[in-house]
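Read through the structure below, which is laid out as structure tokens, and then see the notes.
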Amino acid sequence: MKITFQFFDLPLQHPFTISRYTVNIQKTVIVCISDGIHFGYGEATANPYYHSTQERLTASLLKAKPIVDASSEMHPSELWQQLSKIISDDYFALCAVDIAYWDFYARKNQKTLRSYWSEENPKTPLTSYTIAIDSLAMMQQKIIEKPWPIYKIKLGMPNDIEIVKHLREITDAVFRIDANCAWTAEQTIVNAKILKELNVEFIEQPLKAEDIEGMKLVKQQSILPIIADESCQREEDVESCSEIFHGINIKLMKCGGITPALRMIENARSKGLLLMAGCMTESTVGISGLSQIASLLDYLDADGALLLSSDIADGVRFDYGEINYAKAFGTGVKMHQQ
């Protein structure tokens, strides 16, 4: 067994702006696990908000190397338990290794990864397509360029309601709102009433993660479902989120990969929570891994690779929101020649 990794710069079609920052080029690391015959691939992005840097990812992956190199017959969940003790402070790196090993494990056993927990060709939710913060004209133009059944609209500006009304003028598609912690409880409750009339399906993380009392009020009074994002990063967050949100958004890089995500899904279902999984701005490597759990979800936000001007791999593709899985074992990823 051997683990290797390489960093890439992923250029975006448009500057990607949320309430916290703007990205033009996304730096990412691709992890490869191989026995010389079978290859598995995983991904983690650099992200300043979550303290994920190239230096930190490199250090963590080097720590993981001795364990991975000796893990040829190990089940992915067992490997995750061992790795989580070594790189417990870097869930982005843990995610990249976990997905790469799941991919390798499934390919070695000549199975698709999703077949370990669902049917070979399962029914899956449509993925949304994200419209990042920009001028009103440019946000409209992005929708015109990419006709899609569901849009996630990034908000967090003084004219948020005006933005949604302007976008509603040009499409009847379903809207989902992601305020990225930029609103207050009072704003959320008022905005929800207006947004429901504008065919908004739910609101994602309107308040700062530490505003527990505010979220209690929002859950009681919001006319729209509220989905946790920044408030739900690790497995242990499911319990607290079940009390103040209607659902959770699982991001593999935040929780440490597919292995903990499966446990989070089981726990969240037992508590009656709505289930969504989301992505970072990442390549088809990461998106192909994420898409393997789609059949277990109510909502999916897997558009990270769709936002790129050029990709580094083939794998899952999307046809008007619908997942088209690659006809291959594992996650179906095939790296481009570099």
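Before moving on, here are some points about what is shown:
- Screening Asp298 with (1) in contact with a Pro (Cβ under 9 Å, 6 or more places away or on another chain); (2) crowded, with 19+ Cβ neighbours inside 10 Å; (3) not aliphatic (A, V, I, L, M) gives one miss only, at (2).
- Note on the range 110-147: residues that are polar (S, T, N, Q) and free of Cβ contacts under 8 Å to residues at least 40 places away in the same chain amount to 4.
- Residue, surrounded by the fewest Cβ atoms within 10 Å (Cβ to Cβ), within the range 232-275, restricted to residues that are over 14 Å from the mean Cα position of the chain (by Cα) and under 18 Å from Ala182 (Cα atoms): Ile244
- Inclusion of Ile67 among residues that are outside any helix (DSSP H, G or I) and either among the hydrophobic types (A, V, I, L, M, F, W, C) or assigned by TED's automatic domain parsing to the domain that holds Gly257 (or both) is not warranted.
- In the range 123-147, of all residues being assigned to a loop (DSSP other than H, G, I, E, B) and basic (Lys, Arg), the one that is nearest to Leu308 (Cα to Cα) corresponds to Lys146.
- Taken together, the residues in the range 108-122 that are assigned to a loop (DSSP other than H, G, I, E, B) and at pLDDT 95 or above amount to 4.
- Scanning the range 312-321 for residues that are more than 16 Å from the chain's Cα centre (by Cα), touching a residue at least 60 places away in the same chain (Cβ under 8 Å) and within 22 Å of Pro147 (Cβ to Cβ) yields a single hit, Tyr320.
- Note on the range 286-338: residues that are under 27 Å from Arg269 (Cα atoms) and hydrophobic (A, V, I, L, M, F, W, C) amount to 11.
- The set of residues from the range 186-223 being part of a loop (DSSP other than H, G, I, E, B) and either of a type outside the set (A, V, I, L, M, F, W, C) or closer than 24 Å to Ile265 by Cα (or both) comprises Asn199, Gln205, Pro206, Leu207, Lys208, Ala209, Glu210, Asp211, Ser222.
- Listed by first and then second residue, the pairs linking a residue in the range 41-57 that is over 23 Å from Gln292 (Cα atoms) to a residue that is among the small types (Gly, Ala, Ser) and buried (at least 24 other Cβ atoms within 10 Å of the Cβ), with Cβ atoms under 9 Å apart and 6 or more places separating them unless they lie on different chains, are Ser52/Ala44; Ser52/Ala93; Arg56/Ala93; Leu57/Ala44; Leu57/Ala93; Leu57/Ala96.
- Residues in the range 161-197 that are buried (at least 20 other Cβ atoms within 10 Å of the Cβ), touching a helix residue (DSSP H, G or I) at 6+ places or on another chain (Cβ under 8 Å) and within 14 Å of Ile131 (Cβ to Cβ): Ile163, Val164, Leu167, Phe175, Ile177, Ala179.
- Any chance Thr22 is surrounded by fewer than 18 Cβ atoms within 10 Å (Cβ to Cβ) and closer than 18 Å to Ala132 by Cβ: yes
The values are calculated or read from the model by the stated rules, or taken from the named source; none is laboratory data. The shown structure was predicted, so the numbers you read here are calculated from the model rather than taken from an experiment. When we count neighbours, we look across all protein chains shown, and the Cβ atoms used for this are built from the backbone with ideal geometry, even at glycine.
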